Structure formats: C-alpha cells, structure tokens
Amino acid sequence: AKEKGRNAFEFFSRQLKQKAQDRIFLEEGLRQALSQQELSLHYQPQVSLESGEVVGVEALARWFHAERGNIGPDRFIPVAEQSGLIRELGAWVLRTACLQCIKWHRLGHRITIGVNVSIIQLADPSFPTLVAKTLAEAGLDPAYLELELTESCLMGNTTDSAAVLKELKSLGVKIAIDDFGTGYSSLSYLKDFAVDRLKIDRSFVREITSRSDAAAIIKAIIAIGHSLGLRVIAEGIETAHEEEVLVRHRCDDAQGYFYAKPMPAAEVERFLTERSATAAI
Ligand code: C2E
Ligand code: CA
Ligand code: CA
Ligand code: CA
C-alpha cells in the first residue's frame, strides 16, 4: 500500500510539474506572440433569424505557434488572465476588431463587431478610455461595437466593474451577456446594468433535441430577454432542427457552424457579399 501511495504521489507531482511547465511555456510564448504578431482574429457571422442577413460578427482570438501549431483561446486566454497579459492582448483584439469592422462598413456592410472582454479588463478603471480612444482612432460608431461579458463579470460585485460598465454604456457601445444561463444567475443585473443583448449558451442549444428541459430553458431565456426589451442571440447552432426550435421561440439572431465557422477577414468579406446578393433576390 505504501508503494502504491508513493507511486500515486509521484504520478500527481509529475502531473503538477507538467502543468506548471505548460503554463510557463504558454506565458512565455504568448509574450512573444504579442510582439511578433503570431496572433490573429477570426470572425464568426451572426445571422438574423427573421431576415437571414448577417447582422454582425464575433471576433475570436487565434494563436498559431510556429512549432506547436494552433493553440486554442480556451488554453491561452486563462494564461493571459493569470499573467496580466490579457490587458495587452485585449487592447490588441479591440483595436484590430474595430479597424476591421470599419473596413467592412466602407464596403457597405453595416455589421456590428462583437468583442470578448475579460473580467480583468472590466475591473480596470482606464478601460472605458481605451475603448473610447480605439473607437475614435478607427472612426467606428460606438453603436456598432458590442462588448461580450460573462455573467461572472457582472456578479463580481466590485464597485469598479459597475462604474466601468456605466461609463462604457455612456459611450454608446452595446453590452451582451455571453454564455447566458451558465453563470451565477441573479437576473437583477440585467436591469441594473442596462444590458442590450443575451447570448444563449451553446450547452443549451446542443441539448435541444435530446432533452426537453433544454428547450424549456431556451424558451424561458428568450421570454426574459424580450420582456426586458433585449435582443436574444443563440450560439452554437449546428443543425436546421436547432434553428427551427429557435425560430419557433422567436429568438432574434443566431450564430454557429450551421451558418459559418469563425474565419479570417477576407473570407468573411466573401461570405457577406454572397449573402447580401442572395438576400436581394
Ligand atoms: P465564446 O465567447 O463562448 O465563443 C464561442 C466559441 O464557440 C468559439 O470558440 C467558437 O469558435 C465556438 N463555436 C461557435 N459556433 C459553434 C458551433 O456551432 N459548434 C461548436 N462546437 N462550437 C462553436 P473559440 O473560438 O475556441 O473560443 C473559445 C473561448 O475563448 C470563447 O468562448 C471566449 O470565451 C474565449 N475567447 C476567444 N477570443 C477571445 C478574446 O479575444 N478575448 C477574450 N477575453 N476571450 C476570448
Ligand atoms: Ca463570446
Ligand atoms: Ca459564448
Ligand atoms: Ca463559452
């Protein structure tokens, strides 16, 4: 038993060591990636369920590492948050996304740009100034920028975040609650923070067919959103059947592989042109 215990200990300590090394590797790599432009953004279209038109895109960070290939944001965003690099990364994402959005506007595509914001950025009192400056530099109308926050951002209950949110709202940018329904749900923040849009989390959409309670939750979220005068978007739509259920419950917009995967800006442009051509017919 003693032998066994020691083996288990060695196993876990090896794992811990591996984890720590992984983190150091990612943190070092990310620092370099930021300075050497190994990061890029992909954009995923958001479609109006009423008109079928693309009404916006969400910017999603991508990291292509020279030796290791693609490293997903689910891995590097947490490292960026723990190391503080998220400020620099977040500022870069915001700037790149706004500059890209104005390019699309100039081509005649009046779409919104969704940008994910970390709780750490939101706790920074200088964040609204950064947003205002970035919008001004890009020449983008604030109404076309939608900041995606998670429920925990708003539930953090820090007075700083609340003040930052108020300032952001006064700039005229839109606020969406990402992964809605998965967090700590106190619905009072919807009213307190003058949110503009709810994003139904993919986990509910994925279970539409297999679990009747998932559809019931979706229906309830849409009802809550609409009764507060908010738009509701569902994410992670992969099938026509999922779309059908959302349309039946009067969801406003949808995003998911069923329409398009996240893609580089040039591909989005093609997608937009094709889409608006078909919408015109
Ligand atoms: P998220 O904000 O919830 O983004 C949605 C994720 O779902 C994206 O993963 C997207 O590629 C994926 N997705 C979209 N449609 C479908 C679908 O139909 N099926 C499936 N299976 N997946 C779908 P991605 O790009 O890997 O991003 C993961 C997470 O990383 C994001 O989740 C977000 O929390 C974070 N993230 C990405 N970019 C940024 C960023 O610039 N800043 C911050 N703070 N977080 C980011
Ligand atoms: Ca998001
Ligand atoms: Ca989400
Ligand atoms: Ca998510």
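The values are calculated or read from the model by the stated rules, or taken from the named source; none is laboratory data. None of the values given here were measured: they were computed from a predicted structure. Counting neighbours? That spans all protein chains shown, and the Cβs are built from the backbone with ideal geometry, glycine included. What goes into the accessible areas is simple: the full protein's heavy atoms, side chains included, and nothing from ligands, DNA or RNA. Shrake-Rupley method; radii C 1.70, N 1.55, O 1.52, S 1.80 Å.
Hey, could you check the range 35-46 for residues that are among the hydroxyl-bearing types (Ser, Thr, Tyr) and more than 16 Å from ligand 3 (Cβ to nearest atom) and say which is surrounded by the fewest Cβ atoms within 10 Å (Cβ to Cβ)? Ranking the candidates gives 35 first.
Looking at 254, 240, 260, just one residue is closer than 14 Å to residue 49 by Cβ and in contact with an Asp or Glu (Cβ under 9 Å, 6 or more places away or on another chain), and that residue is 254. Annotation note: of 212, 161, the sole residue that is more than 16 Å from residue 234 (Cα to Cα) and within 15 Å of ligand 1 (Cβ to nearest atom) is 161. Annotation note: of 228, 190, 171, the sole residue that is within 22 Å of residue 126 (Cα to Cα) and more than 16 Å from ligand 2 (Cβ to nearest atom) is 171. Apart from one condition, residue 257 fits all of (1) within 18 Å of the chain's Cα centre (by Cα); (2) in a helix (DSSP H, G or I); the exception is (2). Take the conditions (1) within 16 Å of ligand 2 (Cβ to nearest atom); (2) open to solvent by 10 Å² or more (accessible area, probe 1.4 Å); (3) among the β-branched types (Val, Ile, Thr); residue 102 misses just one of them, which is (1).
For residue 182, the conditions (1) open to solvent by 20 Å² or more (accessible area, probe 1.4 Å); (2) more than 18 Å from residue 119 (Cβ to Cβ) all hold with the exception of (2). Would a scan of the range 117-137 turn up a residue that is within 16 Å of ligand 3 (Cβ to nearest atom), open to solvent by 40 Å² or more (accessible area, probe 1.4 Å), within 29 Å of residue 237 (Cα to Cα) and polar (S, T, N, Q)? No, every residue in the range 117-137 fails to be within 16 Å of ligand 3 (Cβ to nearest atom), open to solvent by 40 Å² or more (accessible area, probe 1.4 Å), within 29 Å of residue 237 (Cα to Cα) and polar (S, T, N, Q). Scanning the range 47-97 for residues that are more than 30 Å from residue 245 (Cβ to Cβ) and open to solvent by 80 Å² or more (accessible area, probe 1.4 Å) yields a count of 10. Of the residues examined, residue 125 is not one that is within 17 Å of residue 56 (Cβ to Cβ) and either at pLDDT below 90 or more than 16 Å from ligand 2 (Cβ to nearest atom) (or both).
If the condition is being modelled with pLDDT under 80, more than 12 Å from ligand 3 (Cβ to nearest atom) and more than 15 Å from residue 226 (Cα to Cα), then the range 165-187 contributes 184, 185, 186. Can you find a residue that is of a type outside the set (D, E, K, R), open to solvent by 10 Å² or more (accessible area, probe 1.4 Å), within 14 Å of ligand 2 (Cβ to nearest atom) and within 19 Å of the chain's Cα centre (by Cα) anywhere in the range 146-159? Yes, the range 146-159 contains at least one residue that is of a type outside the set (D, E, K, R), open to solvent by 10 Å² or more (accessible area, probe 1.4 Å), within 14 Å of ligand 2 (Cβ to nearest atom) and within 19 Å of the chain's Cα centre (by Cα). For residue 268, the criteria (1) under 28 Å from residue 173 (Cβ atoms); (2) surrounded by fewer than 19 Cβ atoms within 10 Å (Cβ to Cβ) hold in every case but one, which is (2).
Of all the numbered requirements in (1) in contact (Cβ under 8 Å) with a residue 40 or more places away in the chain; (2) surrounded by fewer than 20 Cβ atoms within 10 Å (Cβ to Cβ); (3) within 14 Å of ligand 1 (Cβ to nearest atom), residue 196 misses one, and that requirement is (3). Whenever a residue of the range 137-149 is touching a residue at least 40 places away in the same chain (Cβ under 8 Å) and farther than 11 Å from residue 105 by Cα, its partners that are open to solvent by 40 Å² or more (accessible area, probe 1.4 Å) and not in a strand (DSSP E or B), lying with C-beta atoms within less than 7 angstrom and at least six residues away or across chains, give the pairs 138/99.
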